[in-house]
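First the structure, in the form of structure tokens, and then the observations on it.
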Amino acid sequence: MAASTVKAATLYVNCGGRIGLTSIGAALRAAQFAGPSTINVSGACNENVVIQSLDRITLNAAQGASINDTSGGNLATVNIDDSRDVAINGFTISGGAGGADAVDCQDGSVCRLNGNTIQGAVNGYGVGAFFSQVFLDGGTLQNNFDGLAVINGASGRATNVTIQNNSIGIEIRTHSFVNTTATITANSGSGVFVHEGGTFSCPGCQITGNGNIGLILNRDSSARLYGAFAVTGNTGGGIQLAEESSVIFPRPTGTVTGNTGGMDVYCGSSYTTARGATTNIGGGTTNCVEPSP
């Protein structure tokens, strides 16, 4: 279709209906040449959705709308691939048990996930970002293996999100970055696991009540915690550093206290540093020594 004839489209999907568009996949096919498109969805959509090489797509959920895996967990419930400025708003998105993720954002995509409940990928990621950018605002990631995984040079921002009841709350690895104000709580393993050159920025996140260590930094990874942050009540200890990793608490505005089963901030061997751990964590326990200026 010539560029001069491409116009924005608004489409309506009634999953489970008998007439009109009855699946998100059908609406995406209809929007393929329509330019920026908004797809308003109602009902329970039992399908695996692929958004591939499409830009400026918005999926809006009517109250109670859901997207549910039908592959037995062999495919992502929603796969966003090579697509820019894709927004998914207000859905319950459920993965399966087969090892695939509930939502994938990959291959240079920009994904905006707002107010969704993303759950059920018990052997996969609630949200997985690979070589892409993912922005989460509000909503819940729950009952997945990793709530949020940002991997292979990807970046993520999670604002006002609750990440709970997963095996691991957030995983960051292979030179990836996450900035978050999330509440990361009641995960059976670690709250946040950063490794292989990952970077974690916490301007006020809450890492509380997780079943293992609150924040783990391994293998040349780093973290910055500032604002009204808290790392409290984690069963295996608060923050653990190993293998040339570092953390900084630039101002005494948060707390790392009351973590059982280990120190509040523990510096392992192999050249770890924790600047501000002796002054800016609200009195928590640590074996770290302030690095030289």
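Values quoted throughout were computed directly from the atomic coordinates according to the rules given, and no laboratory measurement underlies them. Owing to the predicted nature of the structure, the values given are computational and were not obtained by experimental measurement. Using ideal geometry, Cβ is built from the backbone for each residue, glycine included, and neighbour counts are taken over all protein chains shown.
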- Report, in deg cm²/dmol and to the nearest 500, the calculated mean residue ellipticity at 222 nm for the chain, where each DSSP H run with n ≥ 4 adds -39500 (n - 2.57) and the sum is divided by the residue count. -500 deg cm²/dmol
- With x for Gly and Pro, the residue-by-residue ³J(HN,Hα) of the range 198-204, computed from phi through the Karplus equation 6.51 cos²θ - 1.76 cosθ + 1.60 at θ = phi - 60° and given in whole Hz, is x, 10, 10, 10, 10, x, x
- Subtracting the Cα-Cα distance of N123 and T278 from 0.36 nm times their residue separation yields 52.0 nm
- Extreme residue, positive dipole direction of the chain, given options L11, T174, F145 (C-beta unit charges): L11
- Pseudo-spin-label distance V110 to Q63, built 7 Å along Cα→Cβ, given in nm, is 3.3 nm
- Item | Listed residues V265, V256, V50, most fluctuating in the chain (Gaussian network, C-alpha, under 10 Å) | V50
- Can you tell me the dipole magnitude for the range 56-275 around its Cα centre, using point charges on the Cβ only (Lys, Arg +1; Asp, Glu -1), in Debye to the nearest 20? 560 debye
- Note on the structure: Over all pairs of different Cα atoms in the range 196-290, the reciprocal of the mean inverse distance gives a Kirkwood radius in Å of 12.5 Å
- Could you line up S292, S221, S246, S71 from fewest to most neighbouring Cβ atoms inside 10 Å? S292, S71, S246, S221
- Sorted on mean Cβ neighbours within 10 Å (highest first), peptides 94-105, 26-37 come out as 94-105, 26-37
- Item | Among F249, I51, A129 - extreme Cα towards positive end, dipole of the chain, charges at beta-carbon | I51
- Query: When Rg is the radius of gyration of the Cα atoms in the chain and Rh is its Kirkwood radius, what does Rg/Rh come to?
  - Reply: 1.05
- Note on the structure: Around A31 (Cβ within 12 Å, Cβ-to-Cβ, excluding A31; K/R +1, D/E -1) the net charge comes to +2
